[in-house]
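Contents: one structure, followed by commentary.
The values are calculated or read from the model by the stated rules, or taken from the named source; none is laboratory data. The structure presented is a predicted model; accordingly, all values stated were derived computationally and were not measured. So basically every Cβ, Gly included, is an ideal-geometry build from the backbone, and we count neighbours across all protein chains shown. When the accessible area is computed, the model is the full protein with side chains, heavy atoms only, and any ligands, DNA or RNA have been set aside. Shrake-Rupley method; radii C 1.70, N 1.55, O 1.52, S 1.80 Å.
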Amino acid sequence: MTQEVKVEKANWPLWIIGIFVLNLVANMISGTIGLSGQFFGCIYGLGPVSIPFTMPALALVLPILALPASLLGVKLSKTTLARLYVVGLVSSMAIGNFNDAWMSWPVGSANRVWASQADWLAPLSTLWWVPPREAVVVLRPGGVTPDFGAWMPAIMYCIFFQGSFFILSSGLMLLFRRRWLEVERVPYPFAIAMWEGANRVGERKFGWPFIIGTIIGIILNVQIMLAWLFPWWPDLLGWRTLGTSPNGCVDVGNAGIGQIMVAWMRINAQPINYAMAYLIPLNVLFTAWVLWIAMIILAQIAYAMGYYTGWQSISGSGRVLCCGYETSPTWGPPLYWSWMSVTGGMLAFVIMLGWHSRAYLAETIKAAQGKAGPEVEAREPFNYKTIYMIIGLGIVAVFGFMLSLQATAAEALLVVVFGGIIYAMAEAYMRGMTGAAFAQERSKWSHWPMRLLYGNTGPVPMTAGFFSSALIFARGNNTASGGVSTWAEVSMHSFRVGDLSGVHAREIYKFVALTFIIAIPITMFVRVWWYGLLGNRLPWCTSGWECGDPGSSYNRAPDLAGIGMAGTVGFIIVVALSLLTARYTWFPLTPVGFLIQGAAREIWTGAWTCFLAAWVLKYITLRVGGSKLYSEKGVPLASGVIFGFAIVIIIGVIMGLIRYFIPY
């Protein structure tokens, strides 16, 4: 463990002003960059970028921007770098992914209410946060100053949503911080990769593996960006030819093997995804790619048995996620492959996290009762009595917030238990083990707990409570910045940076909370302001809520018996793997690998290719030079690729701003 350094006194007024200015400017930049196209804003913005390995851009961009001062001899202490990192991490997540959170909350959500058909509009317009129709419509042409009085309830709705989940999920991470980081040593690959770069900025000691990785990251990502921006730029990597998305998704289902094998659907070509995957534990990588290959084989057998009729006329992306479940090897019968991971598998995983931590939790309860020694709480931001009070406050806050949205007690309880606790715990731990998304994506699965109350068909007529609850499950989990599990991952990620830098967890949490309190209101204000200025030049979703999630897509799912069967099988598999890996360290298959390979984000992005390639490279590294070669050469090389990508983000932001003022 890194030795703790002396706590440096913070210049709080300076930090507060800096965080305020950063979030104001960064939000304005993100809104402007979006005009270059949604996909450009998705990968070259200042919020979280890329999937499934979602990188909080500002967490590394801020230390990079401090590099000139470091090169001029200004010493950047580990504490200062850790503070910059945490401020950037929280700010990026508050700004949000442009393609989803930035567009959706609050303007997009309000716009879709007033675009909804009459039987939906009637209940939704009674929600306290919905602004008057004229306050929404007037923004569409642009060039107007929004009526912030009319928009204030919608802004406060978003603040209360994010704030209530922040209290609950950060409280859970406070409780499990010592267990996950000091006992289990959960690695948090993104923290390792990005802190490696930030720390080298401060020390001005880069080393050749890191420099080579940085050059590779810059060259590859500059080529990708220029090929996307300019049709005349040589397509050296085949990015345009393959129809590759900025996140590296390549649809391979329309030709060749993709027309022979039903589950040969998508692969991934984004370099940073391979760099991140290289940092995942070897047994997790092995489990992920082996089980995905097994799924491909099983799906082909199912096809031979008469399933997936008409699949050859559907693209790989359609089979993965977009089209009906009947032609999807991952969502439809007979495998229900992804349902195993994201329903019963996820539930079992969180239960087993608690089971393996039972002695630890008993110790924290004793400490909360004043029956444990002071050393138990010495490294915590608060004593355990306070931490349990924060969790309790969070439960009340989320439950009360949902009741204010006309949810029934049962609906609100589902949001608290599944969204606030199970999804948050699972996402934070899985991101800690893999760096990749797990409890994300609005399509197909995320509002499955609502089916425990309503089955596969939502209530008729539609109710505001059902809509509000299903919306939190769907949009709140769609991306890393959605809000439901966002702050659990951010909190533990920040604590891991404190662990790496030697900064006390109390100091880290102060900066997490301070940045959150400043960043979220600024983000919501700027989103409304920017839509008033730019109007239809920014992307608008003009369809009503009945067309999206939790609209008609809620009703497009396998029958509840099929989902229940898959959930039961997934539950049993995860419990078995968890017990086996705890008992036998040599056992090759892990519950983390099983869960991540079937998660929605991973199947959508074709991440199995990242897992396979990273496993091969890491296996060779460890066989040739052992952990010494991996830690001294492999990690710096992979971290350099991430660092180079962050530099290209800065270049992309500059080019995007130039493109706004001088179109090209």
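A few remarks follow.
- Just one of the listed residues (Tyr531, Tyr509) is under 14 Å from Gly108 (Cβ atoms), among the hydroxyl-bearing types (Ser, Thr, Tyr) and assigned to a helix (DSSP H, G or I), and it is Tyr531.
- From the list Gly73, Gly96, the one residue that fits, being open to solvent by 20 Å² or more (accessible area, probe 1.4 Å) and closer than 30 Å to Gly644 by Cα, is Gly73.
Residue-by-condition table, conditions (1) acidic (Asp, Glu); (2) touching a residue at least 24 places away in the same chain (Cβ under 8 Å); (3) open to solvent by less than 50 Å² (accessible area, probe 1.4 Å):
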residue	(1), (2), (3)
Val320	no, yes, yes
Pro333	no, yes, yes
Ser338	no, yes, yes
Ala359	no, no, no
Val376	no, no, yes
Leu405	no, yes, yes
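Per-residue answers, yes or no, for (1) crowded, with 24+ Cβ neighbours inside 10 Å; (2) modelled with pLDDT of 95 or more; (3) among the hydrophobic types (A, V, I, L, M, F, W, C):
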position: Ser443; (1), (2), (3): no, no, no
position: Arg451; (1), (2), (3): no, no, no
position: Asn456; (1), (2), (3): no, no, no
position: Pro461; (1), (2), (3): no, no, no
position: Ala464; (1), (2), (3): no, yes, yes
position: Asn477; (1), (2), (3): yes, no, no
position: Ala480; (1), (2), (3): yes, no, yes
position: Gly483; (1), (2), (3): yes, no, no
position: Trp487; (1), (2), (3): yes, yes, yes
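- Failed item, numbered, when Ile351 is tested on (1) part of a helix (DSSP H, G or I); (2) of a type in the set (A, V, I, L, M); (3) surrounded by 23 or more Cβ atoms within 10 Å (Cβ to Cβ): (3)
- Selection within region 584-618 - within 25 Å of Trp195 (Cβ to Cβ) and hydroxyl-bearing (Ser, Thr, Tyr): Thr590, Thr605
- Any hit, region 223-245, residues being more than 19 Å from Ser639 (Cα to Cα), out of contact with any Ser or Thr (no Cβ under 6 Å at 6 or more places or on another chain), touching a residue at least 40 places away in the same chain (Cβ under 8 Å) and small (Gly, Ala, Ser): yes
- Across region 247-254, a minimum of one residue is classified as surrounded by fewer than 17 Cβ atoms within 10 Å (Cβ to Cβ) and out of contact with any strand residue (DSSP E or B) (no Cβ under 9 Å at 6 or more places or on another chain).
- The set of residues from region 74-98 being part of a helix (DSSP H, G or I), out of contact with any Pro (no Cβ under 9 Å at 6 or more places or on another chain) and either aliphatic (A, V, I, L, M) or at pLDDT below 90 (or both) comprises Ala82, Val86, Val87, Ala94.
- Boolean, Arg659 is open to solvent by 40 Å² or more (accessible area, probe 1.4 Å) and among the basic types (Lys, Arg): yes
- Residue match in region 298-310 (condition: surrounded by 21 or more Cβ atoms within 10 Å (Cβ to Cβ) and among the aromatic types (Phe, Trp, Tyr)): yes
- Scanning region 1-45 for residues that are open to solvent by 20 Å² or more (accessible area, probe 1.4 Å), among the aliphatic types (A, V, I, L, M) and modelled with pLDDT of 90 or more yields a total of 9.
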